Every structure is written in C-alpha cells, then in structure tokens.
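Take a look at the structure set out below.
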C-alpha cells in the first residue's frame with residue numbers, strides 16, 4: 001500500500017513539473033508578432049485629436065488557436081502628438097497626467113470571432129483606473145506580415161478623465177506586425 005501511494009505521489013510531482021512546460025510550449029506554437037513601425041494609435045475627441053508615437057508590447061495570435069491569444073501592450077503618454085506643442089503639453093500633463101500615469105496599458109488573453117471580426121477581452125489601465133475592455137478588431141494576414149485594426153469608444157468618466165457622464169473618446173488602431 002505504501003509503495004503505490006509513493007508511486008502516485010511521484011507521478012503527481014512529475015506531472016506538476018511538466019504541466020507548466022506543456023502550457024508554455026503550447027503558447028510557443030502561437031505566432032509571435034513584432035510590432036512594426038508606421039502603426040497608428042489615434043484618439044478623437046471634440047476638443048482634441050491626435051496620435052501616440054510610442055507603442056510597444058507582446059502580441060501572440062494565431063487564427064487557428066484564438067483561445068490562446070495574448071496581447072500585452074503599452075502606450076507612452078508622453079509621445080502624444082496633437083498638432084501643436086501647447087496642445088500636446090495640455091493633453092500629456094493635464095488631461096492624461098503623464099507625470100503620474102506615464103503609460104496606458106492593455107492586457108488581454110484569448111480572442112473569438114464575433115460578427116465576422118475578432119474580439120479580445122481584457123483590462124485597460126488608463127489614468128490610474130483599470131477597467132474591463134472588449135476590443136473588436138480585424139486581422140489581415142499576408143504570409144509573414146499582418147495588420148490588426150480596430151476602433152472603440154471610451155467613456156471618459158470611467159477613467160477619471162472627465163466629470164461629464166456622456167463625454168467620450170474614440171480610439172482607432174492600425175497595428176502592422178511581422179512574424180518573429
């Protein structure tokens with residue numbers, strides 16, 4: 001009896017060591033994408049419109065294994081470009097409070113097809129607030145390169161950017177990538 005209990009414990013110990021390796025190997029089978037230059041992260045608001053010029057992160061996505069997708073990206077708040085230095089400064093250090101909150105961070109796991117497009121759900125951290133975000137996107141692949149595109153609307157009050165409940169920002173994304 002002791003011997004079989006020892007054997008079971010031995011197998012459980014081996015399985016607990018191998019399970020993370022198997023999971024890591026499954027993620028390794030996903031396509032790893034490098035974010036290329038010429039991406040476009042645009043925001044549109046009645047008072048200001050602009051882009052962010054610094055964006056980095058990890059993108060793992062394979063259309064055949066969307067449930068294993070992983071997105072972990074950061075936008076540098078200080079890279080905002082809204083047309084003139086005074087407006088840039090106002091957005092960077094006023095509206096977004098870039099000294100206190102220098103990054104906008106989005107992390108999501110998994111993706112699914114919805115109405116002919118893709119959607120991933122994760123968390124967006126902006127201005128010290130983290131909230132769930134469903135991000136719809138399209139994915140157009142051409143061999144070793146592809147483009148992710150999406151757009152969504154954020155309620156500014158949700159992220160302590162405004163006191164007005166209905167004030168929104170539209171965000172448009174165009175992210176070209178290449179396989180690692």
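The values are calculated or read from the model by the stated rules, or taken from the named source; none is laboratory data. Everything numeric here is computed off the predicted structure, so don't read it as measured data. For neighbour counting, all protein chains shown are included, and Cβ atoms are generated from backbone atoms with ideal geometry for every residue, glycine included.
Scoring residue 74 on the criteria (1) out of contact with any strand residue (DSSP E or B) (no Cβ under 7 Å at 6 or more places or on another chain); (2) under 20 Å from residue 154 (Cα atoms); (3) touching a residue at least 24 places away in the same chain (Cβ under 8 Å) leaves a single failure, condition (1). Against the criterion of being under 16 Å from the mean Cα position of the chain (by Cα) and under 20 Å from residue 48 (Cβ atoms), residue 124 qualifies.
Scanning for something out of contact with any strand residue (DSSP E or B) (no Cβ under 6 Å at 6 or more places or on another chain), part of a strand (DSSP E or B) and without any contact (Cβ under 8 Å) to a residue 60 or more places away in the chain, does the range 136-153 turn up at least one residue? Yes, there is a match, as at least one residue in the range 136-153 is out of contact with any strand residue (DSSP E or B) (no Cβ under 6 Å at 6 or more places or on another chain), part of a strand (DSSP E or B) and without any contact (Cβ under 8 Å) to a residue 60 or more places away in the chain. Only a single criterion out of (1) at pLDDT 95 or above; (2) assigned to a helix (DSSP H, G or I); (3) buried (at least 17 other Cβ atoms within 10 Å of the Cβ) is not satisfied by residue 78, namely (3).
Criterion first (in contact with a strand residue (DSSP E or B) (Cβ under 9 Å, 6 or more places away or on another chain), touching a residue at least 40 places away in the same chain (Cβ under 8 Å) and closer than 30 Å to residue 68 by Cα) does residue 123 satisfy it?
Spelling it out, it is not the case that residue 123 is in contact with a strand residue (DSSP E or B) (Cβ under 9 Å, 6 or more places away or on another chain), touching a residue at least 40 places away in the same chain (Cβ under 8 Å) and closer than 30 Å to residue 68 by Cα.
The residues of the range 91-101 that are surrounded by 15 or more Cβ atoms within 10 Å (Cβ to Cβ) and either assigned to a loop (DSSP other than H, G, I, E, B) or touching a residue at least 40 places away in the same chain (Cβ under 8 Å) (or both), listed by number, are 91, 95, 96, 97, 98, 101. Any residue at all in the range 120-128 that's in the same structural domain as residue 37 (by TED's automatic domain parsing), in contact with a helix residue (DSSP H, G or I) (Cβ under 7 Å, 6 or more places away or on another chain) and buried (at least 17 other Cβ atoms within 10 Å of the Cβ)? Checked against the condition, which is being in the same structural domain as residue 37 (by TED's automatic domain parsing), in contact with a helix residue (DSSP H, G or I) (Cβ under 7 Å, 6 or more places away or on another chain) and buried (at least 17 other Cβ atoms within 10 Å of the Cβ), the range 120-128 yields at least one hit.
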